[in-house]
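Encoded as structure tokens, the structure appears first; notes follow it.
The values are calculated or read from the model by the stated rules, or taken from the named source; none is laboratory data. Keep in mind it's a predicted model, so treat the numbers as computed, not measured. Every residue, glycine as well, gets a Cβ built from its backbone with ideal geometry; the counts of neighbours run over all protein chains shown. Remember, those area values only see protein heavy atoms, side chains included, never the ligands or the DNA or RNA. Shrake-Rupley method; radii C 1.70, N 1.55, O 1.52, S 1.80 Å.
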Amino acid sequence: MTDGEDRADRRRFVVALVVSAVLFAVVGLRFGEDVAMQLLKTPTTELGWRLIGWMVAAPPWVLVMVSWHERGRLSADQRRRRGLLLGAWIGLSMFVLPSRFGGVEHEFGTGALVGEPLSVGWAWGGLAALIGLAFSGVVLLVLHRSVASPTPTQRDMTVRFLERAWLVLLVVSLGFALYGGRTGVFHGGT
């Protein structure tokens with residue numbers, strides 16, 4: 001794998017993320033209530049909407065880390081598809097994010113019965129992603145400050161450690177997303 005291929009993969013991922021983020025933000029702000037009203041017709045409970053909100057925000061970041069670390073084992077076509085899919089998945093957060101600032105009722109209107117748990121699940125997943133990114137940054141900083149040039153074995157072991165730490169963090173945040181409603185930490189998006 002060449003540096004040019006790495007740059008192209010990163011560029012493709014960032015473009016997919018930005019384009020999908022803008023698209024989903026526009027859809028959420030313009031058609032959020034219509035989408036929520038259609039979602040109200042599905043047989044999903046409040047816990048289901050919290051799970052879906054959490055899935056939008058939390059898992060794609062760890063999948064990006066794993067895909068980037070394992071990129072040497074993937075074909076160019078697999079890297080391209082994963083980059084586009086993960087960029088779009090992360091961009092999907094922009095469908096829910098405005099409700100955290102403007103209020104669930106503002107974005108989802110009469111569909112707030114779906115928007116509220118979706119937004120709360122998303123907030124717990126987003127918090128987990130932020131904590132995971134900060135922790136990963138600290139671990140990688142320690143790795144690069146502790147040795148002049150990390151060996152491939154040291155890098156691999158560090159990434160494997162981070163993968164497991166992210167999984168623990170995701171399980172904990174999923175528990176809070178589903179059952180942390182009584183904590184009052186995230187509510188109503190206002």
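Rounded to a whole number, what is D in µm²/s for region 80-148 from Stokes-Einstein with the Kirkwood radius over alpha-carbon pairs (10 °C, 1.306 mPa s)?
111
Along the charge dipole of the chain, pointing to its positive end and built from +1/-1 on Cβ of Lys, Arg, Asp and Glu, which listed residue (Q154, A88, S136) has its Cα farthest out?
Q154
How much length is gained if the chain between R155 and T44 is pulled fully straight, taking 0.36 nm per residue apart and subtracting their Cα-Cα distance, in nm to one decimal?
Answer, rounded to one decimal: 35.7 nm.
Can you give me the accessible area per residue for region 1-131, using a 1.4 Å probe, in Å²?
Working: 6910 Å² over 131 residues.
Value returned for region 1-131: 53 Å² of accessible area per residue.
I'd like the trypsin sites (Lys or Arg not before Pro) in region 29-103 restricted to DSSP loop residues with at most 15 other Cβ atoms within 10 Å, sorted by number.
Here the trypsin sites (Lys or Arg not before Pro) that fit, given the DSSP loop and packing criteria, are K41.
Dividing the alpha-carbon radius of gyration of the chain by 2.2 N^0.38 Å (N being the number of residues), what value is obtained?
Rounded to two decimals, the normalised Rg is 1.13.
Going by alpha carbons, how many degrees (0 to 90, nearest 10) lie between the helix axis of 46-57 and the longest principal axis of the chain?
40
Heavy atoms only, probe 1.4 Å: what % of the accessible area of the chain goes to carbon and sulfur, would you let me know?
Numbers: 7410 of 10820 Å².
Solvent-exposed carbon and sulfur of the chain make up 68 percent of the total.
Where the Cα atoms of region 8-78 are projected onto their three principal axes, how long is each span, largest first, in whole Å?
44, 26, 17
What is the gain in length, in nm to one decimal, between L29 and V147 on full extension, counting 0.36 nm per residue of separation less the C-alpha to C-alpha distance?
37.7 nm
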